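First the structure, in the form of structure tokens, and then the observations on it.
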Amino acid sequence: MLIYLPIAEVSTNLFTLLGVGAGVGMLSGMFGVGGGFLITPLLFFIGIPPAVAVATGANQVVASSISGVLAHLRRKTVDLKMGTVLLIGGLIGSSFGIVLFRWLSALGQVDLAVQLSYVLFLGIVGALMLQESVRAWYRTKKVGAKRRKLHQHTWVHALPFKMKFRVSGLYISVIPPILVGASVGVLSAVMGVGGGFIMVPAMIYLLGMPTKVVVGTSLFQIIFTTAYTTIMHAVTGHSVDIMLATFLILGGVIGAQLGTQIGLRLKAEQLRILLALLVLAVCIKVALDLLIRPDELYSITIAGGL
Amino acid sequence: MARAWLAGLLLLLGSLPLGASEIIGALSQNRVSLTANFSGSEILIFGAIRRSADEVLAEAEAEAAGLEDFDVVVVIEGPRQRTEVWRKDRVAGIWMNVDSVTLASVPSFYAVATSAPLTEILSPEEDEIYRISPRQAIRAEQAGDGSPEALLFAEALLRIRERTAHFMTLDRFVHVDEGILFRANVRLPPNLTEGAYTTRMYLMQGGQVVSQYRTAIFVRKDGLERWLYELAYEQPFLYGLLALVIALIAGWAASAVFRLIRQS
């Protein structure tokens, strides 16, 4: 069944949209990532203009994150104070990202910039996570293996403006969380992602937060950052397609609930290995598109349009 | 519908003035509504050729002299847009957009239906005047700086638009009955841009345009699509908020519903 999307100005199959939403929503519930890093490339693939894909992707992330964060709030696995600090950074980053996005659109290089960011971020993050989670998995297998220290002191702990984050059991400077939030905000605006795939590892390895609260807290920050990004894209580019978003969301929220249930049954280490592999797979797919000679070297853009 | 267009034809025939040979046409519909379930639209273009009295008398002579009969060309042209064509090249191992050529005025949709292959019934000189072939319609020779290099970009544009069925050359799609009546079916694709789609009908003889007739199809978003589109452009902030509210409600509702299911 074809459906005409008023802002994207294309017709797509309704069931494709619901399917994309549900599949991505399930992963989002399992891993605590917004799923934007899968939705945006998938939307490109089914022929949605890049600007609409990015803006609508951000809107979809809001919905898939809200149902996730509610589940986490009930389990009390959200560090609201840390989330707020991350959010302040997120809003700053997102504003900058919107400006960057307009500039890249004018240069005709949005697709390339988005693809390159995907390869770069997904590649680095995926590789680091895979290495770390495989190592952790080995440790749990070996009986009597050396346990990790509770607190590892790094340069992060030497910075000023320290603050106490009780839920996370941390006493650290607000500068690293703000920087983490800001970089995630930029990605949210440029790539249409929530940024969970970069924020979750940054919270674990850089800020040293306990894994238990990481997912809920990142979802909390993501909701507000992507909400802000959605509004900004709607105002500056008129590129949010509500019709498209609604169908993605419809599939997504159902998928997310199922995913949360599956996630609870898997061990944290297994979950991290799976997420790392998924991130690497998307990275390789996007990289191949850039490296293999395209069938059609030419492409059309409507000047003064989206 | 058949009866309706026959009635239309009779009306047209009756209203023809006397004089040189003329073409007059009409459309099965002159409005296309883009609603949520829009999946393309079939347009019937039909009309009549009125031959002048001299012509009828000269017919026998012409036939003896081997002059060709009339041919009909129907053109549907979507709203024009300033269009950029980009070319990718390998830079440091990566395929990226490097060059672009801007074409000032390119129709978003372009269909040419003819009663015989276009190149046989239209001389290049007439094509240049009336801009009938897709190549002329996009002003290919004025692409960028007009260099042979820029022409490659214009050709790529034609190729891509033809592949997505936004540009169509429909040879022998116009049926001419008894040298008087003609009709053509043109399918508009699901991905249409809003605006007026000018429809031109040309009466051709010996490579020349003898007469032409113009009308238009109005393509417009309608219903919910219209409302959303207008809100997005006129009240973008409200529109953004609406997008968020839908997201929040959907997210919350799903979570609530699943909790109920688990508890029961």
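The values are calculated or read from the model by the stated rules, or taken from the named source; none is laboratory data. Just so it is clear, the structure is predicted and the values come from calculations on it, not from any experiment. All Cβ positions, even for glycine, are placed from backbone atoms using ideal geometry, and neighbour counts span all protein chains on display. These accessible areas exclude ligands, DNA and RNA; they are computed on the full protein's heavy atoms, side chains included. Shrake-Rupley method; radii C 1.70, N 1.55, O 1.52, S 1.80 Å.
Please calculate the 1.4 Å probe accessible area of residue B:227, with all protein chains present, and give it to the nearest 10 Å².
Near enough 140 Å² of accessible area.
With a 1.4 Å probe and all protein chains kept in place, how do B:229, A:205 rank by accessible area, largest first?
On the way: B:229 50, A:205 90 Å².
Largest to smallest exposure gives the sequence A:205, B:229.
So how much accessible surface do A and B hide from each other in total, probe 1.4 Å, in square angstrom to the nearest 100?
Numbers: alone 15370 and 15560 Å², together 25980 Å².
The contact between B and A buries close to 5000 Å².
If the label point is 7 Å along Cα→Cβ of residue B:21, which residues in the range B:187-215 have backbone nitrogen under 15 Å from it?
Counting only backbone N, you get B:202-213.
Select from A:115, A:257, A:131 the residue whose mean-square fluctuation is largest in a Gaussian network model of chain A (Cα-Cα springs shorter than 10 Å).
Comparing A:115, A:257, A:131 in the GNM, the peak value goes to A:131.
Between residue B:44 and residue A:293, what's the calculated FRET efficiency when r is the beta-carbon distance and R0 is 35 Å? Round to 0.05.
Numbers: r = 43 Å, r/R0 = 1.24.
Approximately 0.20, to the nearest 0.05.
With each label point set 7 Å from Cα along the Cα-Cβ vector, what nm distance links residue B:135 and residue B:120?
1.8
Would you list the P(r) distribution for chain B, with all Cα-Cα distances sorted into 10 Å bins from 0 and each bin expressed as a whole %?
Calculated over all Cα pairs of chain B, the distribution is 6, 22, 25, 20, 13, 7, 4, 1, 0, 0 percent.
For residue B:181, which sequence-distant residues (separation of 5 or more, or a different chain) have an amide H within less than 5 Å of its own amide H, given hydrogens modelled in the peptide plane?
B:49
At what distance in angstrom do the alpha carbon centres of the range B:235-264 and the range B:78-153 lie from each other?
Computed from Cα coordinates, the inter-centre distance equals 46 Å.
If I take R0 = 60 Å and measure r between the Cβ atoms of residue B:216 and residue B:248 in this structure, what FRET efficiency does the formula 1/(1 + (r/R0)^6) give, to the nearest 0.05? Mind showing how you got there, number by number?
Details: r = 43 Å, r/R0 = 0.72.
The value I calculate is 0.90.
With respect to the cross-link table entries A:76/A:164; A:164/A:212; A:76/A:162; A:76/A:212; A:164/A:267, which display a Cα-Cα separation exceeding 21 Å?
On the way: A:76/A:164 18 Å; A:164/A:212 18 Å; A:76/A:162 24 Å; A:76/A:212 10 Å; A:164/A:267 29 Å.
Beyond 21 Å between Cα atoms: A:76/A:162; A:164/A:267.
Please sort A:80-92, B:137-149 by packing, taking for each peptide the average over its residues of neighbouring beta carbons within 10 angstrom, highest first.
Details: A:80-92: 21.5, B:137-149: 15.0.
Order by mean packing, descending: A:80-92, B:137-149.
Within 10 Å of each Cβ in peptide B:35-45, how many partner chain Cβ atoms are there on average? Round it to a whole number, please. Please list the in-between numbers first.
On the way: counts 3, 8, 6, 4, 5, 3, 0, 0, 0, 0, 0.
Across the residues of B:35-45, the mean count of other-chain Cβ atoms within 10 Å is 3.
Can you tell which of B:118, B:44, B:244 shows the greatest fluctuation in a Gaussian network model of chain B with Cα springs below 10 Å?
B:244
For chain B, what's the relative contact order in percent, using C-alpha pairs closer than 8 Å and at least 6 residues apart? Each step should come with its number before you reach the end.
Numbers: 450 pairs, mean separation 69.0, N = 264.
Averaging sequence separation for qualifying contacts and normalising by length gives 26 percent for chain B.
Subtracting the Cα-Cα distance from 0.36 nm times the residue separation, let me have the gained length for residue A:80 to residue A:137 in nm, one decimal. Please list the in-between numbers first.
Values: separation 57, 0.36 × 57 = 20.52 nm, distance 2.96 nm.
That pair, residue A:80 and residue A:137, stretches by 17.6 nm at full extension.
Specify the inter-centroid distance of the range A:228-246 and the range B:173-192, based on alpha-carbon positions, in whole Å.
40
I'd like the distance separating the alpha-carbon centroids of the range A:71-85 and the range A:250-306, in whole Å.
Using only Cα atoms to place each centre, the spacing works out to 26 Å.
Give, as ranges by residue number, the residues of the range A:219-262 whose backbone N falls under 11 Å from the point 7 Å along Cα→Cβ of residue B:262.
Under cut-off, by backbone N: A:257-262.
Which of the residues in the range A:219-261 lose at least 50 Å² of accessible area when you go from the chain alone to all protein chains together (probe 1.4 Å)?
With the partner chains in place, the range A:219-261 has these residues losing at least 50 Å²: A:231, A:238, A:242, A:243, A:257.
From zero up to wherever the largest Cα-Cα distance of chain A sits, split into 10 Å bins and tell me the percent of pairs in each.
6, 28, 36, 21, 7, 2, 0
Equivalent ellipsoid semi-axes for the range A:1-70, as square roots of 5 times the alpha carbon gyration tensor eigenvalues: give them largest first, rounded to whole Å. All intermediate terms of the calculation are to be shown ahead of the outcome.
On the way: eigenvalues 92, 30, 21 Å².
Equivalent ellipsoid of the range A:1-70: 21, 12, 10 Å, largest first.
Viscosity 0.890 mPa s, temperature 25 °C: what is the translational diffusion coefficient of the protein assembly as shown from Stokes-Einstein with a Kirkwood Rh over Cα pairs, rounded to a whole number of µm²/s? Display every interim value, and only then the final one.
Working: Rh = 26.8 Å.
Using the Kirkwood radius from Cα pairs, D works out to 91 µm²/s.
Report, as an integer, the average count of C-beta atoms from other chains found within 10 Å of each Cβ along B:221-234.
Working: counts 3, 1, 1, 4, 7, 1, 1, 6, 6, 1, 3, 8, 2, 1.
Other-chain Cβ atoms within 10 Å of each residue's Cβ, averaged: 3.
Check residue A:79: other-chain or 5+ apart residues with amide H under 5 Å from its amide H, H built from backbone geometry?
A:217
Return the distance in nm (one decimal) between the two label points of a simple spin-label model at residue A:45 and residue A:103, each offset 7 Å from Cα along Cα→Cβ.
Computed distance between label sites residue A:45 and residue A:103 equals 3.2 nm.
If you roll a 1.4 angstrom probe over the protein chains with everything in place, what fraction of the accessible area of the protein assembly as shown belongs to carbon and sulfur, to the nearest %?
63
Taking springs between alpha-carbon atoms closer than 10 angstrom, which of B:43, B:249, B:217 fluctuates most in the Gaussian network model of chain B?
With Cα springs under 10 Å in chain B, the top fluctuation among B:43, B:249, B:217 is at B:249.
Mind checking the per residue accessible area of the protein assembly as shown for me, 1.4 Å probe, whole number of Å²?
Values: 25980 Å² over 570 residues.
Solvent-accessible surface per residue comes out at 46 Å².
With all protein chains present, calculate the accessible area of residue B:166 using a 1.4 Å probe and round the result to the nearest 10 Å².
Residue B:166 has an accessible surface of roughly 30 Å² with all protein chains in place.
Sort B:105-115, B:232-242, B:74-84 for me by packing, meaning the mean count of neighbouring Cβ atoms within 10 Å per residue, highest on top. Provide the component values of the computation, followed by the final result.
On the way: B:105-115: 22.9, B:232-242: 16.5, B:74-84: 20.7.
Ranking the peptides B:105-115, B:232-242, B:74-84 by packing returns B:105-115, B:74-84, B:232-242.
Got a number for the accessible area of residue B:42? Probe 1.4 Å, square angstrom, nearest 10.
90
Going by amide H atoms built from the backbone, whose H comes under 5 Å of the H on residue B:218, apart from near neighbours?
Amide H neighbours of residue B:218, under 5 Å, 5+ apart: B:31, B:32, B:197.
For an R0 of 56 angstrom, estimate the FRET efficiency from the Cβ-Cβ distance between residue A:206 and residue B:69 and round to the nearest 0.05. Please report the intermediate quantities before stating the final value.
On the way: r = 81 Å, r/R0 = 1.44.
Calculated value: 0.10.
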